[in-house]
């Protein structure tokens, strides 16, 4: 069962070295085992804070961050498109390190959902000494193969919707669909950006709709949230999450093979098939793979398994 609903006891905006302000919040036990939650997207933000219920507030110092450009972090990506090039995975890792140092945390248990799992993996590869364990749900690495599937390949299942999505993209010769949307969402025409965000959101809602527990995202009807989300997702996906070549996670995962991890993934995740966590698990001796047969891209059973894993680790570690 989820832990009790709680509110943060502290929060703030941390100005990092390039001038962005990163929103952070802490809840639970100030003297507990630190645990970091990384939200999905990119660009979804922390939302209403339901993530806090995944952690025992008596045992954990619970830390949440709105990644740069979204949520309560400033500036929003759509308010500073001339700074979009500064929004990269490497900068996000620097932001996480800045928050960790600001909060005087030596190391933390890192959790992530969907895109958050990609960021968690990239962070662990960059600073493995700062990660005690990893608990990941709806596991992705945001590789070219994965983004090609979610933006083009899965159109084999939804050909009518993908045809609309493709025709609406306005892609130019040689452009991938995701590159066309990324170009338009970073463009100068507000009306074109708004339309591109709507078309992108329709496709997102289509390819995830086979999830047995799917319901519409109640945040994205807000035009600011919708455009922020679409701008950041397409920016990262068009650039292979800035983790291509030798930086690709699957090429390097053995470097963190000693870090205990649980990889939780829904069998019915059409958008991000289970092959990704399975391949990671093959190269990760300290990992445990858990396939949830009844779910798609996350869900209550997946989150319950995350809670159980985190609680088990915290039970063996004194704050």
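Between 16, 178, 137, the Gaussian network model of the chain with springs among Cα atoms under 10 angstrom shows the greatest mean-square fluctuation at 16.
Once fully extended, how much extra length lies between residue 166 and residue 244, figured as 0.36 nm per residue of separation less the alpha-carbon to alpha-carbon distance? Show your work: numbers first, answer last.
Numbers: separation 78, 0.36 × 78 = 28.08 nm, distance 2.45 nm.
Length gained between residue 166 and residue 244: 25.6 nm.
Helix 89-102 and the long axis of the chain differ in direction by around 30°, with both axes built from C-alpha atoms. Rounded, prolate or oblate: pick one for the stretch 146-241, where a ≥ b ≥ c are the square roots of the eigenvalues of its C-alpha gyration tensor, a/c under 1.5 means rounded, and failing that, prolate if a/b is larger than b/c, else oblate. Oblate, because a/c is 1.5 or more while a/b does not exceed b/c.
Sorting 306-313, 21-28, 112-119 by their mean Cβ neighbour count within 10 Å, with the most densely packed peptide first, gives 112-119, 21-28, 306-313. A Förster radius of 41 Å combined with the Cβ-Cβ distance from residue 10 to residue 192 puts the calculated FRET efficiency at roughly 0.50.
Taking only DSSP H segments of four or more residues, each worth -39500 (n - 2.57), what value at 222 nm results for the chain once the sum is divided by all its residues, to the nearest 500 deg cm²/dmol? Don't jump to the answer; show the numbers that get you there.
Details: 10 runs with 116 residues, N = 319.
Value at 222 nm, helices only, nearest 500: -11000 deg cm²/dmol.
Each of residue 129 and residue 1 was given a label point 7 Å from its Cα along the Cα-to-Cβ line. The distance between the two points is 4.3 nm.
For the chain, modelled as a GNM whose springs connect Cα atoms under 10 angstrom apart, the maximal fluctuation among 185, 134, 84 occurs at 84. Cα extents for the chain along the principal axes, largest to smallest and rounded to whole angstrom: 57, 42, 38.
Could you sort the peptides 65-75, 46-56, 283-293 by per-residue average Cβ neighbour count (10 Å cutoff), highest mean leading? Write down the numbers at each step before the final one.
Numbers: 65-75: 22.6, 46-56: 18.7, 283-293: 15.6.
Result, highest mean Cβ count within 10 Å first: 65-75, 46-56, 283-293.
Build a GNM of the chain with springs between Cα atoms under 10 Å apart, and of 102, 39, 207 the one that fluctuates most is 102. In the chain, the longest principal axis of the Cα atoms and the axis of helix 115-126 are about 60 degrees apart. A full extension of the chain between residue 311 and residue 79 corresponds to an added length of 79.6 nm, given 0.36 nm per residue minus the alpha carbon distance.
Provide the percentage of antiparallel DSSP beta bridges, counting only those with both residues in the chain; round to the nearest 5. Write out the running numbers ahead of the final one.
Values: 14 of 38 bridges.
Roughly 35 percent of the DSSP beta bridges within the chain come out antiparallel.
Compared with the dominant Cα axis of the chain, that is its longest principal axis, helix 300-315 is turned about 30°.
Values quoted throughout were computed directly from the atomic coordinates according to the rules given, and no laboratory measurement underlies them. It should be emphasised that the depicted structure is a prediction, and the values quoted were computed from it without experimental measurement. So basically every Cβ, Gly included, is an ideal-geometry build from the backbone, and we count neighbours across all protein chains shown.
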